[in-house]
1. Among DSSP beta bridges whose residues both lie in the chain, state the antiparallel percentage, nearest 5.
2. For the stretch 74-173, run through the GluC sites (Glu not before Pro) and keep only the ones in DSSP coil with at most 12 other Cβ atoms within 10 Å of their Cβ.
3. Determine which lysines satisfy two conditions relative to LYS117: a Cα distance under 19 Å, and not lying fewer than 8 residues away in the same chain.
4. Which trypsin sites (Lys or Arg not before Pro) in the stretch 24-61 pass both tests, a DSSP loop state and at most 11 other beta-carbon atoms within 10 Å?
5. Can you tell me the FRET efficiency between SER124 and ASN202 if r is taken as the Cβ-Cβ distance and R0 is 41 Å, rounded to the nearest 0.05?
6. Can you give me the Kirkwood hydrodynamic radius for the stretch 1-59, using every pair of distinct Cα atoms, in Å to one decimal?
7. Filter LYS131/LYS158; LYS40/LYS132; LYS86/LYS142 down to the pairs with a C-alpha to C-alpha distance above 21 Å, please.
8. Run the dipole for the chain about the Cα centre, Lys and Arg Cβ at +1, Asp and Glu Cβ at -1, nothing else charged, and hand back the magnitude in debye, nearest 20.
Amino acid sequence: MKTIGIIGAMREEITPLLDFFKKYEEIKIGGNSFYTTTYKNYNIVIAYSKIGKIHAALTCSTIALHFHADYIIFTGVAGGLSSDLKVGDIVLASSLCQYDVDISAFGHPLGFIPESKLYIDTDSNLNEIAKKAAIKQNIKLKYGIIASGDSFISSATKKQWIIDKFNACAVEMEGASIAVVSSLLNIPFCIIRAISDSADDNADISFDEFLVDSAKRSAAFIISILDEIQ
Ligand code: SAH
């Protein structure tokens, strides 16, 4: 049986999945709990990493190397950067970048790390499956670049800077580390995010208000992807 790893950053982002699967086992590794179950003909491993790129990289590595995931899917919430995104909308990442990497003093482009890539592409097959699932659910998916960094963006100025420099449609704090780890370990991955806020001066209030609802929307969409993978 193939194994699908599903990662969130915060407990709220995986709770709807645990509620859906109901029965699961808990395995603790590296300060995280990994919840294992089966769905149709797949093994499923679910975990939340804690916030930020380093935590997400550890969780993703554990799901890849300890649980031998064949696919990795991220579910969670994000700040919307595109003006056409509103709270609750779902974004499917075309590629991920790290907006907070800066070794431009040596002439490198912002976000670029030597021997890596500025933008890391998500898996086209998983993206096609997600797009099909969205059509069936009548969900209008936004497909575009997601920028990750270790800050909660709650300023119109910072938001505009990320749009200008990275052409991203959404911002969050983990996606790019999932992209780095999964791509280096040759595991197909995709990143799904429901918008919780607009990364502007009002973002903290919006996030607190919509985290649970948007996390549920993202998780519900993950289930429809699992149904489509069959
Ligand atoms: N309120 C939380 C902190 C949330 S940090 C606490 O006090 O513990 C924001 C989380 O949601 C991160 O996991 C990030 O990936 C995502 N996110 C949502 N909106 C974001 C934004 N505007 N900027 C950066 N990350 C955002």
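1. Numbers: 17 of 46 bridges.
Here the antiparallel bridges make up roughly 35 percent for the chain.
2. Working: sites: GLU115, GLU128, GLU172; in loops: GLU115.
Answer by residue number: GLU115.
3. LYS53, LYS165
4. Details: sites: LYS28, LYS40, LYS50, LYS53; in loops: LYS40, LYS50.
Answer in residue order: LYS40.
5. Once the sixth-power term is evaluated, E becomes 0.70.
6. On the way: mean 1/r = 0.0861 Å⁻¹.
Over the stretch 1-59, the inverse of the mean reciprocal pair distance is 11.6 Å.
7. Details: LYS131/LYS158 30 Å; LYS40/LYS132 19 Å; LYS86/LYS142 11 Å.
Where the Cα-Cα span goes over 21 Å, the pairs concerned are LYS131/LYS158.
8. Details: 21 positive and 27 negative charges, 122 e Å.
For the chain, the charge dipole is close to 580 debye.
Where a number appears in this text, it was derived from the coordinates with a stated rule and is not lab data. This is a predicted model, so every value here is computed, not measured. Please note: Cβ atoms are built from the backbone with ideal geometry, for glycine as well, and neighbour counts cover all protein chains shown.
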